[in-house]
Structures are given as C-alpha cells and as structure tokens.
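Before any comments, here is the structure.
Rule-based calculations on the coordinates, nothing more; no lab input. In this text, all values refer to a predicted model and were calculated from it rather than measured experimentally. Here the Cβ is made from the backbone with ideal geometry for all residues, glycine too, and neighbour counts use every protein chain on show.
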Amino acid sequence: VLVIGGGPAGSTTATLLAREGFRTTLLERDRFPRYHIGESLVPSLLPILGLSGALEHVAAAGFRRKGGAYFEWGDEEWALNFGEITGGPTSSWQVTRAEFDHLLLEHAARSGVEVREGVEVTELAFDGERPTAARWSETGGGGATGTLDFDFLVDASGRAGIVATRYLHSRRFNEAFQNVALWGYWRDTAPIDRGPDGAIAVCSVPHGWFWAIPLHDGTVSVGLVTGKEHLKADRARLGALDAVYLDAISQSPLVARVVAPGTLVSAVKAEQDYSYSTETFGGPGYLLAGDAACFLDPLLSTGVHLATFSALLAAATTASVLRGDVAPDEAIAFYTRGYRNAYERAMVLVSTFYQAYRGKDSHFYAAQQLSPRDRQGLRLNEAFLNIVTGVEDLRDAREGAFDAVVEHLTRAGAGSHALLRNYNQAHDPVPLSPANALGGLYVMTKPRLGLAPAVTASAEAGRP
Ligand SMILES: Cc1cc2nc3c(=O)[nH]c(=O)nc-3n(C[C@H](O)[C@H](O)[C@H](O)COP(=O)(O)OP(=O)(O)OC[C@H]3O[C@@H](n4cnc5c(N)ncnc54)[C@H](O)[C@@H]3O)c2cc1C
C-alpha cells in the first residue's frame with residue numbers, strides 16, 4: 001500500500017495497515033518535525049489513537065490538557081466542559097502540531113511502515129481509472145527520483161489533495177465558509193481564565209471570530225477567521241496583514257485582555273480556509289483520507305478528528321479489499337458513506353452554529369449559511385438526528401430540517417450551546433458495531449481490522 005502524506009490521516013492509516021501485516025510505504029514531502037496549523041483536539045479522536053497504539057505516546061508527550069471550550073458568541077457566553085461528556089474520553093489536548101504529527105509519524109515507522117520523509121509524489125500512473133504507480137522526487141536538494149508500484153493507494157496529502165485536484169478534478173468548494181484565517185503566537189500573555197482548565201476560547205467579533213489556544217510551550221495561538229471580502233476591505237483600510245490582525249484583536253475584549261501584556265513572537269500567518277469536498281472519496285484501488293477528501297471551517301476544531309476517523313475507515317476498507325473479503329465497489333461505497341456522514345454531521349453543526357448567532361445581520365455571519373447548492377445531496381435529517389434530541393418534527397423534515405433545528409434552538413432559548421453539547425455527547429455514529437452498520441457493513445477491530453457484514457436479526461434467527 002502506498003500512503004501519500006504523513007499528517008494525522010496518513011500516519012494513522014499507515015500504522016493501522018502495518019499492524020495488520022500489510023507492506024505499507026508512506027511518502028512525506030517535508031521533513032518532520034514540520035509546522036502545521038490545527039492545534040486544538042477534540043476528545044473523540046482519542047479512541048482512534050488508542051486503536052493505532054499512538055495514544056500512550058501522545059499522552060506522555062506533555063501537551064497541554066484541554067478540559068473543554070469557552071465561547072463568547074454574540075451576546076451569549078458559555079463553557080463546554082468535556083468532563084460532563086458521558087460514554088467517552090472527558091478531556092483532550094492542545095498540541096503543537098509539529099510535535100504531535102512527528103510523534104504519530106515516528107509511531108508509524110515503529111509499527112513497521114516504511115516512512116520516507118523529504119520525498120514528494122509528483123505524478124501518478126493509472127491503468128484505466130486505477131492508480132498503479134507513483135513517480136516521486138526528493139525535496140530539499142536531494143535530487144533523486146524514482147517510481148513506486150502499489151496495489152492500493154491512500155491519498156492523505158492534505159489540502160494539496162493530489163488525486164482530487166490533479167486527476168479527478170472533483171474538488172468542490174462550499175459556497176458557505178469562504179473564509180480566511182490570520183494567526184500568530186504570543187508569549188507572556190495573561191491567562192485565559194474562562195472555561196475549564198486548558199480550554200480553547202472562541203470569541204466572535206463583528207466580522208468573524210477568534211480562537212485562543214494555550215500551548216504547552218508557553219505560547220498562546222491566537223487566530224482570526226474572517227470573510228475574504230472583509231479581509232480585502234480591511235487591507236485597503238489598514239495595509240499590512242499584521243495591522244488587520246491587531247485591529248481585529250482590539251474588537252474582542254477577551255482576546256485583547258489575554259494578549260495585552262504579551263508579545264507576538266511569530267510572523268502573522270495567513271491561510272484561506274475555504275471548505276470543500278469531493279464527489280467521491282475513493283475509486284478502483286484508491287481512497288482519499290483526511291483533508292485530501294474534504295475540509296471544514298475550523299470553528300469547532302473537527303479537522304484532526306475527521307482525519308483520524310477517516311484513517312480508521314480507510315485502513316479497514318483497504319485491508320478488506322486486499323484480503324478479498326468484501327467486493328471493492330461495496331467497500332469503497334461504505335468508506336465514502338461513513339466518512340461523508342461524519343463530515344456532513346460536523347458541517348451542518350458548524351453552519352447551524354453560525355446561523356444561531358444573534359448578530360447574524362452582519363455580512364460575515366450571513367455568508368456562513370449553507371446555500372441551496374451546498375445543501376443539495378446532504379442527508380440533513382440523518383446528520384441532525386444524531387446531534388439534536390427532542391426535535392420530533394425532524395424525523396419527517398427533509399428540506400426544512402435545517403430551519404427546524406435553528407427555530408427549535410431559538411424557541412427554547414438554548415442557543416448553540418445545547419447543540420454543541422449534544423454533538424460532543426453523541427460522538428460520531430461510527431459504524432463500529434453491527435447495530436451501526438452502513439450498507440450492511442461495519443468496521444470490526446478484532447480479531448483483525450476490516451469490514452464485516454452485519455448479520456441481521458432475521459438471518460441470525462434462521463441459523464441452525
Ligand atoms: C486555520 C486553520 C485552523 C485549524 N484549526 C484546527 C484545530 O484547532 N483543530 C483541528 O482538529 N483541526 C484544525 N484545522 C484542520 C487541520 O489542520 C486539518 O484538518 C488536519 O491537519 C488534516 O490532517 P491530514 O493528515 O488530512 O492533512 P495534513 O495534516 O495537512 O497532512 C498532509 C501531509 O501531506 C504532505 N503532502 C502533501 N502533498 C504531498 C505530496 N505530493 N507528496 C508527499 N507528501 C505530500 C504534506 O507535506 C503534509 O505533511 C485547522 C485548519 C486551518 C486551515
């Protein structure tokens with residue numbers, strides 16, 4: 001198996017496959033540790049790190065424990081305490097991704113993956129629709145090139161998304177969440193003294209929102225997410241990105257207070273964090289995992305969870321296809337549906353969260369609403385039913401599901417708060433048991449990782 005990319009999606013997929021005895025090579029363009037944004041982790045990824053065997057290394061690394069999240073959202077403020085979550089881990093970590101990703105990659109190598117850093121996949125060869133070989137070249141002046149044949153490919157190349165962008169041309173950007181992020185690292189700040197210990201603070205400002213994430217190296221990651229139009233206008237008014245960033249900080253009382261005694265110790269970094277997805281998450285002989293398949297606005301810190309969740313599904317799917325246990329088409333359909341469900345569920349939550357914002361007459365918040373095109377094909381009720389309890393009319397709602405939820409929240413005065421708590425409580429409906437099967441298949445982890453047919457009650461009853 002060839003895995004492209006050594007981020008959380010690639011290293012977790014490769015580790016799980018190597019532990020199942022598959023000969024797995026991972027090619028990573030950069031040399032680790034390498035910088036990456038995306039520092040705040042949600043607890044639902046812990047069980048997946050447990051399965052890959054990486055959890056103990058992450059737990060021992062000394063990252064800042066994250067007890068939850070604190071929100072100042074319009075005129076609402078509340079804390080989400082992971083300690084109140086039942087049936088799952090009750091805390092997570094704020095990580096420096098250079099260290100976190102390095103740790104996962106080293107764990108992959110220890111698990112038997114042939115990891116090659118500083119090696120970029122430059123081209124893929126196809127036999128019909130099936131990729132069969134990768135052309136690679138050393139980065140950083142090495143100069144060596146070569147070709148690698150494989151039986152199965154997992155593209156975990158992140159936002160570069162080599163298969164979707166270069167070959168399938170299938171990446172589609174959401175009309176909502178066309179945002180830009182500006183961020184930097186501060187030292188000697190005042191503490192974020194709100195919410196549970198180690199919480200991420202999420203604070204809305206008129207044209208966007210801020211994250212403030214305390215890290216174990218003593219810095220605080222402070223980032224602004226704003227609309228591209230606002231950024232353009234602010235740049236025309238204020239000039240450099242730094243000036244736009246600092247001006248926005250002054251609009252958030254909490255963030256301004258936290259950074260007031262501190263010093264900005266990094267350059268202000270910028271990234272367009274537009275959300276996107278692709279039509280299909282796999283095809284003959286390949287799967288797309290993590291950001292290579294889809295990406296979601298970082299409002300609820302779901303990226304690394306989705307990356308590792310898709311890695312688990314991808315490893316189980318790949319293992320079953322290669323063992324000949326499940327017909328490839330069925331397995332790929334299972335993978336697409338399993339990953340898409342989790343992605344869509346997070347996406348409708350992010351969108352509802354923006355929509356329930358009290359100051360939604362602001363252009364920024366209005367621009368975060370899913371357009372009719374974005375909503376097309378979404379299984380909204382499926383996505384919502386798992387998140388929201390007590391919204392009976394949802395069962396029948398189709399087109400109206402979205403508005404029904406927002407209306408329910410507004411009526412109940414519960415705001416985005418209740419929605420978020422429910423989301424974290426419910427976890428992803430992981431097809432990890434026959435009861436949660438998708439298309440008749442589920443992920444079994446014992447005695448080996450793979451897809452297994454769910455034996456229905458009636459079939460079981462008919463057994464001799
Ligand atoms: C502004 C912003 C804030 C975010 N905040 C959070 C957060 O707080 N919490 C969270 O969970 N997520 C957050 N995310 C999302 C998170 O960063 C990603 O979802 C996550 O990194 C996805 O992991 P991945 O393994 O799919 O991709 P990546 O981590 O991007 O890894 C992909 C790897 O592939 C390599 N690669 C690319 N092309 C090639 C090639 N051709 N050959 C070989 N290697 C290649 C790259 O070098 C890279 O190392 C944020 C994202 C943004 C933009």
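Table for the structure above
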{"read-out": "Cα shape, the chain, gyration tensor, a/c 1.5 rule", "value": "oblate"}
{"read-out": "Dipole of the chain [Lys/Arg +1, Asp/Glu -1 at C-beta], most positive-end residue of Phe364, Pro298, Phe82", "value": "Phe82"}
{"read-out": "Length added when fully stretched, Thr147-Leu238, from 0.36 nm per residue minus Cα-Cα", "value": "27.8 nm"}
{"read-out": "Formal net charge of residues neighbouring His57 (Cβ-Cβ distance under 13 Å; K, R +1; D, E -1)", "value": "-3"}
{"read-out": "Mean Cβ count within 10 Å, highest first, over the residues of peptides 188-196, 202-210, 68-76", "value": "202-210, 68-76, 188-196"}
{"read-out": "DSSP beta bridge pairing in region 1-146, given as percent antiparallel to the nearest 5", "value": "75"}
{"read-out": "Stretchable slack from Ala79 to Arg257, in nm (0.36 nm times residue separation minus alpha-carbon distance)", "value": "62.2 nm"}
{"read-out": "Extension gain (nm, one decimal) between Glu106 and Arg135, 0.36 nm per residue minus Cα-Cα", "value": "8.0 nm"}
{"read-out": "Charge sum, other residues only, whose C-beta stays under 11 Å from Gly6's C-beta, Lys/Arg counted +1 and Asp/Glu -1", "value": "-1"}
{"read-out": "Computed [θ] at 222 nm, helices only, for the chain once each DSSP H run of length n ≥ 4 contributes -39500 (n - 2.57)", "value": "-10000 deg cm²/dmol"}
{"read-out": "Separation between Cα centres of region 203-229 and region 254-317, rounded to whole Å", "value": "15"}
{"read-out": "Local electrostatic count, Gly118, Cβ distance below 12 Å [Lys/Arg +1, Asp/Glu -1]", "value": "-1"}
{"read-out": "Shape category assigned to region 281-323 from the gyration tensor of Cα positions, a/c cut at 1.5", "value": "oblate"}
{"read-out": "Virtual spin-label span in nm between Asp325 and Val455, 7 Å along Cα→Cβ", "value": "1.5"}
{"read-out": "Ala435-Glu56 pseudo-label distance in nm [points 7 Å out on the Cα-to-Cβ vector]", "value": "3.0"}
{"read-out": "Overall form of region 90-195 per C-alpha gyration tensor (a/c, 1.5; a/b vs b/c)", "value": "prolate"}
{"read-out": "Sites Lys228 and Gln376 - FRET efficiency at Förster radius 30 Å, r taken between beta-carbons, to 0.05", "value": "0.85"}
